[in-house]
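FYI, it's all coordinate maths here, none of it is from the lab. Keep in mind it's a predicted model, so treat the numbers as computed, not measured. As a convention, Cβ positions derive from the backbone with ideal geometry for all residues, glycine included, and neighbour counts pool all protein chains shown.
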């Protein structure tokens, strides 16, 4: 009986080691795939950063007609908020116009 018990214990150890090695191999493959993905994303980020200098935010150009209209509305007694609603320009832009930024 002792011989059979030793043989089954050996089989259990061998199977355990095999399963452990398979799990480790699968895990290492997954890690390698993830690392490749990380490296690819890092290179994409670097590429985007290098192209960033060519990108400029879209600037909304205010026309002279808009500027004179804003000044007229203010002369008529409208508040910055009311002017902004009528003209669809932000209060910040209204403020810049009325403080002479565009003159």
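Observations on the structure shown:
- Once the chain from residue 10 to residue 76 is taken as fully extended at 0.36 nm per residue, the excess over their C-alpha distance is 14.0 nm.
- When peptides 40-48, 84-92 are sorted by average Cβ neighbour count within 10 Å, with the highest value leading, the order is 84-92, 40-48.
- Order by protection proxy (mean Cβ within 10 Å, highest first), peptides 14-22, 68-76: 68-76, 14-22
- Sorted by Cβ density within 10 Å, fewest first, the residues 80, 102: 102, 80
- Inter-site label distance for residue 62 and residue 86 at 7 Å from Cα along Cβ, in nm: 1.5 nm
- Inter-label distance for residue 25 and residue 69, nm, one decimal - labels placed 7 Å from Cα along Cα-to-Cβ: 7.3 nm
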